[in-house]
Amino acid sequence: MFTGTPEQLRQREEKAGQLAEQVAELLNQIDALGIGTGNGQLHTPGGQIRQSTNGWTVC
């Protein structure tokens, strides 16, 4: 359980969102190899990463 300040929580949530964006980009690169597909979504502290018609995105 997080016990820091509200500002620390905001910073961590922001960082989690940035990392989720990086994961989405990596999934797009893996899909571009054309050797398989993902399950369609991942749940992370930075948001849900979902597969759409435009590739993987953070929601």
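The values are calculated or read from the model by the stated rules, or taken from the named source; none is laboratory data. All values reported here derive from a predicted model rather than from experimental measurement. No Cβ is skipped: glycine too gets one built from the backbone with ideal geometry, and neighbour counts run over all protein chains shown. Just the protein is used for accessible areas: all its heavy atoms, side chains included, with ligands, DNA and RNA removed. Shrake-Rupley method; radii C 1.70, N 1.55, O 1.52, S 1.80 Å.
What the table below lists for this structure:
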| read-out | value |
| --- | --- |
| Accessible surface of segment 6-59, 1.4 Å probe, proportion on carbon and sulfur as whole % | 54 |
| Mean separation of Cα contacts under 8 Å, 6 or more apart, over the residue count of the chain: relative contact order % | 32 |
| For the chain, alpha-carbon Rg over 2.2 N^0.38 Å | 1.32 |
| Difference of contour (0.36 nm per residue) and Cα-Cα distance, GLU25 to ARG10 | 3.1 nm |
| Cα-based helix-to-principal-axis angle, 6-32 vs the chain, degrees rounded to 10 | 10 |
| Within-15-Å neighbourhood charge of GLN48 [Cβ basis; K, R +1; D, E -1] | -1 |
| Computed E for THR3/HIS43 - FRET, C-beta separation, R0 30 angstrom, nearest 0.05 | 0.85 |
